[in-house]
1. Of the residues in the stretch 73-109, how many are open to solvent by 10 Å² or more (accessible area, probe 1.4 Å) and closer than 30 Å to residue 158 by Cβ?
2. Using beta carbons and a limit of 8 Å, which pairs, at least six apart or on different chains, have the first residue in the stretch 332-345 and farther than 16 Å from residue 194 by Cβ and the second one in a strand (DSSP E or B) and open to solvent by 30 Å² or more (accessible area, probe 1.4 Å)?
3. Please return the ranges of strands (runs of 3 or more DSSP E) entirely within the stretch 152-192 where 2 or more residues are open to solvent by less than 50 Å² (accessible area, probe 1.4 Å) and modelled with pLDDT of 95 or more.
4. Could you tell me whether residue 125 is free of Cβ contacts under 8 Å to residues at least 24 places away in the same chain, open to solvent by 10 Å² or more (accessible area, probe 1.4 Å) and of a type in the set (D, E, K, R)?
5. Restrict the check to the stretch 137-147 and report whether at least one residue is surrounded by fewer than 18 Cβ atoms within 10 Å (Cβ to Cβ), closer than 17 Å to residue 237 by Cβ and within 27 Å of the chain's Cα centre (by Cα).
6. Pull out all pairs, ordered by first then second residue, where Cβ-Cβ is under 9 Å, the residues are six or more apart or on different chains, the first lies in the stretch 236-254 and is among the charged types (D, E, K, R), and the second is open to solvent by less than 60 Å² (accessible area, probe 1.4 Å) and not in a strand (DSSP E or B).
7. Does residue 339 satisfy the condition of being at pLDDT 95 or above and outside any helix (DSSP H, G or I)?
8. I'm trying to understand the selection: among the residues of the stretch 97-112, which are out of contact with any strand residue (DSSP E or B) (no Cβ under 6 Å at 6 or more places or on another chain) and part of a loop (DSSP other than H, G, I, E, B)?
Amino acid sequence: MSDRYDVIVIGVGTMGSAACYHLARRGVRVLGLEQFDIPHGRGAHHGFSRMIRSSYYEDPSYVPLIQRSYELWHELEACSGMKLLHMVGGLYMGPRDSNWVNRSIESAQRHGLPHEVLDRDEIARRHPVFHIPDDYFALFETQAGLLRPEWIVAAHCEHAMRAGAVLHGHAPVTTVNENAAGVTVTTPRGRYQADRVIVAGGAWASRLVGDLGVELKASRRVLGWVWPKRPERFELGSFPAFAIDDLAGGVHYGFPMLPDNPGFKIAHDYRHYAAPAVNPDTANRELADDADDDCRIALRRHIPDADGPLLAARVCFYTISPDGHPIVGVHPTRPRVIVAAGFSGHGFKFSSGIGETLADLATLGDTTVAIALFAPGRFR
């Protein structure tokens, strides 16, 4: 097989697998290179569930991208025959002055999204498992739920290969060089050439696009699963995806129980900028002594029926940009290089849309999706 391709995708994880899928389905000769397994559990695309929500308060630019991503998730389900998206609804709780809840409500109103604002009594009536203070309220949106990350990466990869993509696991990229003829990518397996390259390396992306002049900080996060005291109250189909303001700039969040992984998932998304930077190659991947206690705070305070034995814990890495927004677009000084990095812990939900956008950029040189907010050159 020729070592010349139209596009090389570096990193076949969340965004890279989606890009390979959309490129291959357009008839593009695409090579995907991944330093670990495909899929793997060393980055940000594992943990059995990821939240998807529509009332995006971070910026209005996200909402059309989310809405397009929903369409593409349904297309991927039809293509793969797998149930990848569960629309169980999203319940976001906090005190009346919660910035997170209030801005989510504003976003839902601005974009005409189906939603309800619930007071403390209505939360207790509908979802009695939550024990929250009298001054709390909530946004409930129906266009929210959970995605199955491992299954999605696998589906993107399988159907990319069925459409002609070539994917290599255990192929770490050492150099990327450009000239007038194209791009040359080197791995221990060999050298490959292409017209363009997409760098979607997650926590490792800065090693290949460090010349952006942007600090991409890898942040270690722990996900935990417990066996509830009353498991019947947390079943898929009767329990929403949820988040509770931790009153310190972050949220405790979780999901209904899933049939292929025992337990109730709980995690803590604390303030991104308070998280210490770590080296993804050397950071501790084991459960820290205090990680269980961190989740216990939310369980004992707000969800006592779920405060059961710890079953499992897994570590993932978010790659955080300086402003918390992703970096997506053509490199400002290397026109053959397209960057997809820094998704700051909230990228999986729109990865199907980002994959399509990356395919647009690689084949057309532009996209109709509004990505000015994500421009790689905005930090210069």
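1. The total comes to 12.
2. 345/269
3. Those strands (runs of 3 or more DSSP E) span 166-168, 182-187.
4. Yes; evaluated as a whole, the condition is true for this residue.
5. Applying the first criterion (surrounded by fewer than 18 Cβ atoms within 10 Å (Cβ to Cβ)) to the stretch 137-147 yields 142.
If we keep only those that are closer than 17 Å to residue 237 by Cβ too, we end up with 142.
Imposing the further condition that a residue be within 27 Å of the chain's Cα centre (by Cα) reduces the set to 142.
Within the stretch 137-147, one or more residues are surrounded by fewer than 18 Cβ atoms within 10 Å (Cβ to Cβ), closer than 17 Å to residue 237 by Cβ and within 27 Å of the chain's Cα centre (by Cα).
6. 245/98; 245/100; 245/101; 246/298
7. The answer is yes for residue 339.
8. Start the filter on the stretch 97-112 by keeping residues that are out of contact with any strand residue (DSSP E or B) (no Cβ under 6 Å at 6 or more places or on another chain), which leaves 97, 99, 102-103, 106-107, 109-112.
Scanning the stretch 97-112 gives 97, 111, 112.
The values are calculated or read from the model by the stated rules, or taken from the named source; none is laboratory data. Just so it is clear, the structure is predicted and the values come from calculations on it, not from any experiment. Heads up, the Cβs are rebuilt from the backbone with ideal geometry, glycines too, and the neighbour counts pull from every protein chain shown. For the accessible areas, the whole protein counts, side chains as well, though only heavy atoms, and no ligand, DNA or RNA atoms are used. Shrake-Rupley method; radii C 1.70, N 1.55, O 1.52, S 1.80 Å.
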